[in-house]
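Peer 1: Dumping the structure here so I can ask a few things about it.
What follows is calculated from the coordinates using simple rules that are stated; it is not laboratory data. All figures in this text were calculated on a predicted structure; none of them were measured in a lab. No Cβ is skipped: glycine too gets one built from the backbone with ideal geometry, and neighbour counts run over all protein chains shown.
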Amino acid sequence: MARLPYIEKKDLAPEHQDLMKREISLYKQLAHSPGALRAFQGLGYYIRYKSPVDARLRELAILQVGYLARSPYEWSHHVKIGYDFGVTDDDIKGLIDDTEGRPAMFDTLTGLVLKGAREITTGGEMTRATFGALKEHMSNEHLVDLIVTTSFYNAVVRVLGSLEIDVEPEYQKYLDKYPLPKKA
């Protein structure tokens, strides 16, 4: 149960109703601070629609964050969004296996993206070795955007957890298909 009431589009001042183009639980919580929601959406929009990072790799990095954080909302939303951007069931199963230390059949770049996202999420930064290996496969712009994406979604999962934002019913099926392990 969310810690704050969900705000509906009709409850916002007219100049802020554009913030609810997608009426998802996350936005309905962040709408308590329209300025923060607007800034949040700006970076999110850049990451999803303007960044040159390959969309499948981007979504796998985001899914890696959601899986490690055991964030039901992030995980369920980005399983669905990932499908829209080329992530397959085999990718999701491979991400789970890779994260849990089991062999996964990823190409070198995909494996490095997941490793970098894990390092940022669990250790607060990407190691020099992983950064160097990624630099052999990505331009500086792509590498910075990958780091910004992973770091942004680390912030997102903390917002989701702190506000205890609920998974919408239409996303529950993705969580049911790929349930998260229990938090330690």
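Peer 1: Please identify, among Pro52, Pro14, Pro103, the residue showing maximal mean-square fluctuation in a Gaussian network model of the chain using a 10 angstrom Cα cutoff.
Peer 2: Maximum fluctuation in the GNM of the chain, among the listed residues, is at Pro14.
Peer 1: At 0.36 nm per residue, and after removing the present C-alpha to C-alpha distance, how many nm does the segment from Tyr46 to Arg3 gain when stretched out fully?
Peer 2: Gain in length upon complete extension: 12.6 nm.
Peer 1: Moving to a separate point now. In whole angstrom, note down how far apart the Cα centers of region 14-63 and region 72-96 are.
Peer 2: Measuring centre to centre over Cα atoms gives 18 Å.
Peer 1: Would you mind checking the tilt of helix 89-99 against the longest principal axis of the Cα atoms of the chain, expressed as 0 to 90 degrees and rounded to 10?
Peer 2: 70 degrees
Peer 1: Which value in nm describes the separation of the simple spin-label points at Glu168 and Thr122, placed 7 Å from the Cα toward the beta carbon?
Peer 2: 3.3 nm
Peer 1: So, one more: Give me the net charge of Gly44's neighbourhood, meaning all other residues with Cβ under 14 Å from the Cβ of Gly44; Lys, Arg count +1, Asp, Glu -1.
Peer 2: Values: positive: Lys21, Arg22, Arg38, Arg48, Lys50, Arg58; negative: Glu59, Glu74, Asp145.
So the surrounding residues net to +3.
Peer 1: Nearest 500 deg cm²/dmol is fine: what mean residue ellipticity at 222 nm does the chain get from its DSSP H runs of n ≥ 4 alone, each adding -39,500 (n - 2.57), divided by its residue count?
Peer 2: On the way: 9 runs with 114 residues, N = 184.
Only helices count here, giving -19500 deg cm²/dmol.
Peer 1: Which value, in debye to the nearest 20, gives the size of the charge dipole of the chain about its Cα centre, when Lys and Arg are +1 and Asp and Glu are -1 at the Cβ?
Peer 2: Rounded to the nearest 20 debye, it is 340 debye.
Peer 1: Hey, quick one: spin label on Asp18, modelled 7 Å out along Cα-Cβ, who in region 28-53 has an amide N within reach, i.e. under 14 Å?
Peer 2: Under cut-off, by backbone N: 35, 38-39, 41-42.
Peer 1: Let me ask another. Sort 32-39, 119-126 for me by packing, meaning the mean count of neighbouring Cβ atoms within 10 Å per residue, highest on top. Kindly include the intermediate steps, with their values, before the conclusion.
Peer 2: On the way: 32-39: 13.8, 119-126: 15.4.
Top to bottom by mean Cβ count within 10 Å: 119-126, 32-39.
Peer 1: Among residues other than Glu15 whose Cβ falls under 15 Å from its Cβ, what is the net charge (Lys/Arg +1, Asp/Glu -1)?
Peer 2: Details: positive: Lys9, Lys10, Lys21, Arg38; negative: Asp11, Asp18.
Net charge in that neighbourhood comes out at +2.
Peer 1: Could you work out the relative contact order of the chain, using alpha carbon pairs under 8 angstrom and six or more residues apart, expressed as a whole percent? Kindly include the intermediate steps, with their values, before the conclusion.
Peer 2: Details: 186 pairs, mean separation 58.0, N = 184.
With pairs under 8 Å counted, the relative contact order is 32 percent.
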